[in-house]
Amino acid sequence: MPLYAELEVTTNFSFLKGASHPQELAKTAAALGLTAVAVADRNTLAGVVRAHQAAKQAGIKLVVGARLDLQDAPSMLCFPTDRAAYGRLSSLITLGRRRAPKGACEIYLEDMFAHSGGQLFISLPPSGFATEPDAAYTAHLHRLREVFGRDVWLAARCRYRGDDTARLWALAQLAVDVNIPMVATNDVRMHVPDRKPLMDVLTCIREHCTIDQAGFRLPANAERHFKPPEEMARLFRRHPEAVMHTMEIAGRCTFSL
């Protein structure tokens, strides 16, 4: 049986982004046989307490983290490896919240660099990434490799739009070019696909439109849910190292609430 840890999970504590509670996510991850699950809400640690309690009850390891939506660079997943690193991540989010209006967070790349000690990072490719990365993102990855060394990975997801084979191959080639290993993620927004109607409603509230007006602003499918390890191994069968790297990251994150 393959081993897999899901490292890109958004809960309902990411306002109008996630469609499931941390408790639902932790229980489902354990039931599907995942080795570990990470909670990485957008510029917040608000969901980790409930996720910690639920993970203990479900018997699955929780990786504490946050998604950092930066003002001047693509988003990053950030995971503290110990107590001191958790404190630095908390300070970084506090800094971003204090300099922005209520409900917003203003974090820059240099802020992240200044608080990076003891953190592991996953770079999320820009939403427009297809099969040819632009020069700006390639240069950004080179900078991350220079600053973080072996503590940074490149996320790869299946989007079910007909071009996944070509995209994964392009990401694998980019990972070789910039010397940053590729890691599999699933961009989980809900614990089961039946939550898709709720996620659509949340999207409409966020975008100030009705379901009939939403169009391409709605997710094209209901695939942003947990998948068992064997399914992730199938999706990344040409890139098995990407699945194995999830275990490496989860193993290095020893911090627990």
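Some points to look at:
- Residue that is open to solvent by less than 10 Å² (accessible area, probe 1.4 Å), small (Gly, Ala, Ser) and in contact with a helix residue (DSSP H, G or I) (Cβ under 9 Å, 6 or more places away or on another chain), where the choices are ALA66, ALA85: ALA66
- Any hit, segment 90-113, residues being in contact with a Pro (Cβ under 8 Å, 6 or more places away or on another chain) and either surrounded by 18 or more Cβ atoms within 10 Å (Cβ to Cβ) or in a strand (DSSP E or B) (or both): no
- Of the residues in segment 7-16, at least one is in a loop (DSSP other than H, G, I, E, B), among the charged types (D, E, K, R) and touching a Leu at 6+ places or on another chain (Cβ under 7 Å).
- Scanning segment 213-227 for residues that are among the hydrophobic types (A, V, I, L, M, F, W, C), open to solvent by 40 Å² or more (accessible area, probe 1.4 Å) and not in a loop (DSSP other than H, G, I, E, B) turns up just one, PHE216.
- Within the set ARG97, ARG67, ARG83, the sole residue that is in contact (Cβ under 8 Å) with a residue 12 or more places away in the chain and touching a Ser or Thr at 6+ places or on another chain (Cβ under 7 Å) turns out to be ARG67.
- With respect to the conditions (1) buried (at least 18 other Cβ atoms within 10 Å of the Cβ); (2) modelled with pLDDT under 95, ALA156 falls short on a single one, namely (2).
- With respect to the conditions (1) open to solvent by 50 Å² or more (accessible area, probe 1.4 Å); (2) farther than 24 Å from ILE180 by Cα, ILE60 lacks only one, and its number is (1).
- Residues (in contact with a helix residue (DSSP H, G or I) (Cβ under 7 Å, 6 or more places away or on another chain), open to solvent by 40 Å² or more (accessible area, probe 1.4 Å) and either in a loop (DSSP other than H, G, I, E, B) or in contact (Cβ under 8 Å) with a residue 60 or more places away in the chain (or both)) located in segment 22-57: LYS27, GLY33, THR35
The values are calculated or read from the model by the stated rules, or taken from the named source; none is laboratory data. Bear in mind the structure is a predicted one, so any value in this text is a computation, not a measurement. Counting neighbours? That spans all protein chains shown, and the Cβs are built from the backbone with ideal geometry, glycine included. Ligands, DNA and RNA are stripped out before the accessible areas are found, and what is left, the full protein with its side chains, is counted by its heavy atoms. Shrake-Rupley method; radii C 1.70, N 1.55, O 1.52, S 1.80 Å.
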